[in-house]
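For reference, the structure discussed in these notes is given below.
The values are calculated or read from the model by the stated rules, or taken from the named source; none is laboratory data. Everything numeric in this text was worked out from a predicted model, so none of it was measured. Here Cβ is always computed from backbone atoms with ideal geometry, including for glycine, and neighbour counts include all displayed protein chains. These area figures cover heavy atoms from the full protein model, side chains too; ligands, DNA and RNA do not enter into them. Shrake-Rupley method; radii C 1.70, N 1.55, O 1.52, S 1.80 Å.
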Amino acid sequence: MMEVRQLTFFFRGQSEPVLKNISFEIPEGKITSIIGPNGSGKSTLFRCLNGQYKPQKGEILLKGIPISRYSGKKRARHLAMVYQKHPQLSGITVRELVTTGRTPYGKENPRKNEEVVDEVLKQVDLIHLKDRYMNQLSGGQQQRVWLAQALAQEPELLLLDEPTTYLDIEYQLEMLKLLKKLNEEKGLTICLILHDLTQVLEISDQVIALKDGEMVAKGTAHEVLTKENIEELFRVKSEIFSTTNGQKFIHYLF
Ligand code: ADP
Ligand code: MG
C-alpha cells in the first residue's frame, strides 16, 4: 500500500535529521504499529507519510506513486489520518464534523455523502449521538468522532497517531477492537503509533521501532518485542509472559 525508501527528514535550521534513512513497507490489508520513545520521530514520520512534510531525501510511494504527486483531494481519498491531539470544538455537531471528511469528494452527490456519514457513524457506534454537539461528548466518544471523520474519507490507508493515549482502559480496548474489525471486515490498511506494548502484541501484523530517528527493528510483533529490543528502545527491563490461551503480555521490572 505504501512504500518508504531511504527517508531522511530535517526541520529547517536543525543540524541533526529527525528521521534518518528509514525504509519500510505498509502492506495492504495489514496492521502496522510504530513504536519508540518520546521524541524518536514517530509523529514526524506520519506527517511525512501524509504529505504534510516534504522529506529532503528518499521517496514515499502510495500505491506505487510518489505521495508528492497526489493533489490534496486525491490523496485524501486514499489516505486519512487521525491526529494525536484534537481541537476542543463546541459549536459543531457530530454529524457536521464527520461530514467534513467528505470534502475530498465535493458536494455533487449529497445523497451519497449522507449515506457514507451515516454508515461510518454506525461503524463507530455513534449514530444515536449524531446531533449532539462535540463538547457534549466524553473523551472516548470524541475520539470515535475523529475516527469517523477519517473513515468518511473512505480511505484505503488509515494512519492513527496514538489513538488510545488519552482514553481510559475500557475505551482503549474498544478503539483497538474497532480498528481490528475495520481491518478484518473492510480490509482497511492501518498504520498506528502505540505506546502500550501489550496492545502492540495483540493487534499488529508488523511492528516498526524507531529510536532517535533511526529504525532499529522491523518485523512481526514477536520478532520486534523482545526483552533486548525493549531495553534498547525504552531503557527498561521487562519480562514477556504467555497466558494459558497463548496471549502474550509484557511486564516491566522496577
Ligand atoms: P515522537 O512522535 O516520536 O514523540 P516527534 O516526531 O514529535 O517524536 O519529534 C521528533 C523530534 O523532532 C523531537 O526532537 C522534536 O523535538 C522535534 N520536532 C518535532 N516537531 C518539530 C517542529 N515542528 N520543529 C522542530 N522540531 C520539531
Ligand atoms: Mg508523537
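So, residue 12, is that one over 22 Å from residue 76 (Cβ atoms) and not in a strand (DSSP E or B) or not?
So residue 12 fits the description; yes.
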Study note, to complete from the structure: When (1) under 15 Å from the mean Cα position of the chain (by Cα); (2) within 28 Å of residue 246 (Cα to Cα); (3) not basic (Lys, Arg) are applied to residue 170, the one that fails is (1)
Check your understanding: So which of 18, 94, 82 is of a type in the set (A, V, I, L, M, F, W, C), within 15 Å of ligand 1 (Cβ to nearest atom) and in contact with a Leu (Cβ under 6 Å, 6 or more places away or on another chain)?
Key -> 82
**Study point:** Residue list for region 24-38, filter: within 12 Å of ligand 1 (Cβ to nearest atom), in contact (Cβ under 8 Å) with a residue 24 or more places away in the chain and surrounded by fewer than 19 Cβ atoms within 10 Å (Cβ to Cβ)
**Key:** 37
Review point. What are the residues in region 72-102 that are among the charged types (D, E, K, R) and in contact (Cβ under 8 Å) with a residue 40 or more places away in the chain, if any?
Key: 77, 102
Revision key, fill the gap. Within region 234-254, residues away from ligand 1 (no atom under 16 Å from the Cβ) and closer than 25 Å to residue 18 by Cα come out as 236
Practice item. Those residues that are part of a loop (DSSP other than H, G, I, E, B), among the small types (Gly, Ala, Ser) and in contact (Cβ under 8 Å) with a residue 60 or more places away in the chain, I need them from region 40-63; list them, please. Key: 40, 41
Point to revise | Residue list for region 206-233, restricted to those being more than 15 Å from ligand 1 (Cβ to nearest atom) and surrounded by fewer than 16 Cβ atoms within 10 Å (Cβ to Cβ) | key: 219, 220, 222, 223, 226, 227, 228, 231, 232
Review point. Of the residues 171, 166, which is within 16 Å of ligand 1 (Cβ to nearest atom), modelled with pLDDT under 95 and farther than 25 Å from residue 61 by Cβ?
Key: 166
Check your understanding: Checking residue 21 against (1) open to solvent by less than 80 Å² (accessible area, probe 1.4 Å); (2) in contact with a Ser or Thr (Cβ under 8 Å, 6 or more places away or on another chain); (3) assigned to a strand (DSSP E or B), which test does it fail?
Key -> (1)
Check your understanding: So is residue 46 surrounded by fewer than 18 Cβ atoms within 10 Å (Cβ to Cβ) and near ligand 1 (Cβ under 9 Å from one of its atoms) or not?
Key -> no
